[in-house]
1. Can you name every residue in region 177-234 that is modelled with pLDDT of 95 or more, acidic (Asp, Glu) and within 30 Å of Gly409 (Cβ to Cβ)?
2. Take the conditions closer than 24 Å to Pro12 by Cα, at pLDDT 95 or above and in contact with a Pro (Cβ under 8 Å, 6 or more places away or on another chain) and apply them to Ile88. Does it pass?
3. Of the residues that make up region 93-101, is at least one of a type outside the set (Gly, Ala, Ser), in contact (Cβ under 8 Å) with a residue 24 or more places away in the chain, surrounded by 16 or more Cβ atoms within 10 Å (Cβ to Cβ) and closer than 24 Å to Tyr258 by Cβ?
4. With respect to the numbered conditions (1) surrounded by 24 or more Cβ atoms within 10 Å (Cβ to Cβ); (2) under 30 Å from Thr338 (Cα atoms), which one is the sole condition not fulfilled by Glu89?
5. Output the residues belonging to region 412-432 that are crowded, with 24+ Cβ neighbours inside 10 Å, free of Cβ contacts under 8 Å to residues at least 60 places away in the same chain and not in a loop (DSSP other than H, G, I, E, B).
6. Being buried (at least 16 other Cβ atoms within 10 Å of the Cβ) and not in a helix (DSSP H, G or I) is the filter here, so list the residues in region 337-352 that pass it.
7. Could you check region 444-465 and list, in sequence order, the residues that are touching a strand residue (DSSP E or B) at 6+ places or on another chain (Cβ under 9 Å) and either without any contact (Cβ under 8 Å) to a residue 24 or more places away in the chain or more than 14 Å from Ile301 (Cα to Cα) (or both)?
8. Considering only region 124-146, state which residues are surrounded by 24 or more Cβ atoms within 10 Å (Cβ to Cβ) and assigned to a helix (DSSP H, G or I).
Amino acid sequence: MYIVQIASECAPVIKVGGLGDVVYGLSRELEGRGHCVELILPKYDNMGYDQIWGMHDAYRDLWVPWYGGAIHCSVYCGWVHGRLCFFIEPHSGDNFFNRGCYYGCHDDNMRFAFFSKAALEFLLRSNKRPDVIHCHDWQTGLVPVLLFEIYKYNGMWNQRVCYTIHNFKHQGFGGSEILWATGLNRESYYFHYDRLRDNFNPFSLNFMKGGIVFSNFVTTVSPNHGLEVQFGDYSYGLGHTLYLHQNKFRGVLNGIDYDIWNPEIDRFIPATYTAKTLADKAKNKKALRDRLLLQDVDKPIVAYIGRLDEQKGVHLVHHAIYRALFKKAQFVLLGAATERAIGSWFAHEKRHLNDNPDIHIELGFNEELSHLIYAGADLIVVPSHYEPCGLTQMIGLKYGAVPVVRGVGGLVDTVFDRDYDTQKLPEQRNGYVFYQTDPAALESALDRAIDLWYESPAQFRQLQAQGMGYDYSWNYPGKEYLEIYDLICYR
């Protein structure tokens, strides 16, 4: 099968969050199963060019229709850790992707509307006819719209689209200018509730809604999150649209790349280990303490790795620091704030706790250090307000860092409470879960985890080993996506 992924990110060359990891990991898995996979990405000026091998011209004179004229583009080709990627570079005064950033511009909607149009134009002009076009998040929500309203009449009538939504909070909005720029044009047609009109703002087009309506199949990134967005409050206004298209919607759990996140082969940690040699994890714990100047004492290390924002339950992250100290544990935080107020809050905490030998707060992100924290930590907290899938808890499990999570999204699909879970047998349970958003709920789970570490070390090690035994690689998600591709291509 010939599959083209169209996305705004692909790790490690373009990475802001989990989207980049998913695009790369899924592509790698599909290729490993014998399928042809290519990726189409924007050519940002600030992407990791050192991660691209053999970059060269692939299509020099791509003219992309835009408003009443056309924008000249160059398309470059290169390999990103074995994945064949095409990078689209527009030459216009708009400088769509020469901004020194990936997102956050006032005209992001126009930037990615253009990218969606350019990606399809490149497929058309280069005579590429994939069986499946797999596009991701709001940035490519217009791809299925453009394909089925324009490009299928120009020779791309047999292509099918799978559309994956990673985060419903960011949906992409625009007005009639989007229609006139892309050539869709017909305002009365697209400003219809059954097509692109936003469910709550009749004067706005919704990119993500367009992706849902016009694609052949829609997925989100975990089965439980699929239920949350259909029947709960996590769809941010798209619940009724998902209800109307429920027959082509499914939650598929993301995977992680065990060639990167694996304590058996991790080149960033001083001592590799497995579930059978779990005692060697202590060497990484010692190395983590030495690097972060924590005192070397007989205490558990609790860690948080991730963004510092409201989605991640930042108030509970803050509470976890002091609760861990109260319970005679150490705490390590590695994360970057997404808002200035949150950044200032945690910078204050860093200064306030700077002389405490049981805590280290690292503001920013360091990939190498994150590996050492996973390898050295006994517990990893993920107290998210909402979490479509979550990679942190899956990586923590692989490294024997027992997760303490809030029971939302993909966290429910991957972590099973040692004491209270009813789905799994005791020997299959792997962490601790709480459900409310108040500090007492976090304490109920975190206290049980720390108490087990102190009172029953053998049982704690058994819990670590049980977590390490889970397979959250791309093996199962890859198989499920191929089933979806077969469904939409051959039904």
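The values are calculated or read from the model by the stated rules, or taken from the named source; none is laboratory data. Treat the numbers as computed from the prediction; the structure is a model and nothing was measured. Backbone-built Cβ (ideal geometry, glycine too); neighbour counts: all protein chains shown.
1. Within region 177-234, Asp194, Asp198, Glu228 meet the criteria.
2. Taking the combined requirement at face value, the residue satisfies it.
3. no
4. If we test Glu89 against (1) surrounded by 24 or more Cβ atoms within 10 Å (Cβ to Cβ); (2) under 30 Å from Thr338 (Cα atoms), just (1) comes out false.
5. Residues satisfying the conditions are Gly431, Tyr432.
6. Ala337, the sole residue that qualifies.
7. Of everything in region 444-465, those that are touching a strand residue (DSSP E or B) at 6+ places or on another chain (Cβ under 9 Å) and either without any contact (Cβ under 8 Å) to a residue 24 or more places away in the chain or more than 14 Å from Ile301 (Cα to Cα) (or both) turn out to be Ser444, Ala445, Arg448, Leu463.
8. Of everything in region 124-146, those that are surrounded by 24 or more Cβ atoms within 10 Å (Cβ to Cβ) and assigned to a helix (DSSP H, G or I) turn out to be Trp138, Gln139, Thr140, Leu142, Val143, Pro144, Val145.
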